[in-house]
Amino acid sequence: KDEQLQFVGLIKTAGQNLLNIINDILDISKIESGMLTIDKTPFNVRELCYSVEMMFYHLIKEKNLSLKSVITGNIPDMIIGDKERLSQVLTNLLSNAIKFTKEGEIIINLEMISKTEKTAKLRFSVTDTGIGIMPDKLDVIFERFEQAEASTNRNYGGTGLGLSIVKNLVNMQGGSIWAKSEYGKGAAFIFEMEFE
């Protein structure tokens, strides 16, 4: 019975991995063909951060990690932007952080950089205490099929498309993204975007 449960678990994992690969390829295809559109609707960014955090609750618990959101500054209650695409960016970054972190914590940070009467520039960051990124890879990590090390795919899986999709989604919304890391001590992915 234990063996059967193990097989079911492996099939479920393989199925999820295939689905992730298909979704990544579809997203890249939509981006490159110009078919991916950015919507603008009002939403509560605090609630979005909380819902993304809750999405990973069981996985965080399973890996015995700590996950928290830190929201600083006078963040507006409602902003106008693409809630789904912002959620996709945060989900992708958080998924990576969990994948590459064996122990310690992951922090989602949200702060306001500047504000006018009509706009608010927000900075999001996802910081982990994972394996980190080699200094010479920080510039290419957002390119398609690039991963931090040759062994990354073998040890952790993935398509090497996730961060490329993230960068495209952030850029399409007029934002910028970059990574900081101390190899062996974790990484931080930071992006800034302006919202109405």
ask   = Can you give the accessible area of F100 in Å² (nearest 10), computed on protein heavy atoms with a 1.4 Å probe?
value = 40
inquiry  = Could you report region 35-79's accessible area per residue, 1.4 Å probe, as an integer in Å²?
reply    = 67
note = Counting only protein heavy atoms and leaving out ligands, DNA and RNA, the solvent-accessible surface of Y57 at a 1.4 Å probe, in Å² to the nearest 10, equals 110
note = Rounded to a whole %, the carbon-and-sulfur portion of the accessible area of region 42-82 at a 1.4 Å probe is 55
query = Hey, what did region 91-140 get for relative contact order, percent, Cα under 8 Å, at least 6 apart?
reply = 38
query = Roughly speaking, what is the stretch gain from K1 to E62, that is 0.36 nm per residue apart minus the C-alpha to C-alpha distance, in nm to one decimal?
reply = 19.7 nm
key: For S69, distant residues with modelled amide H under 5 Å away   = I108
Exposure rank, largest accessible area first [E117, E194, E103; 1.4 Å] = E117, E103, E194
ask   = For labels at T41 and S87 in the simple 7 Å Cα→Cβ model, what's the distance in nm?
value = 0.9
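Could you give the length gained on full extension between L138 and I190, defined as 0.36 nm per residue of separation minus the Cα-Cα distance, in nm?
Roughly 17.5 nm would be gained on extension.
The values are calculated or read from the model by the stated rules, or taken from the named source; none is laboratory data. Because the structure is predicted, anything quoted here is derived from the model rather than measured. For neighbour counting, all protein chains shown are included, and Cβ atoms are generated from backbone atoms with ideal geometry for every residue, glycine included. Accessible surface is based on the protein model in full, side chains and every heavy atom, while ligands, DNA and RNA are left aside. Shrake-Rupley method; radii C 1.70, N 1.55, O 1.52, S 1.80 Å.
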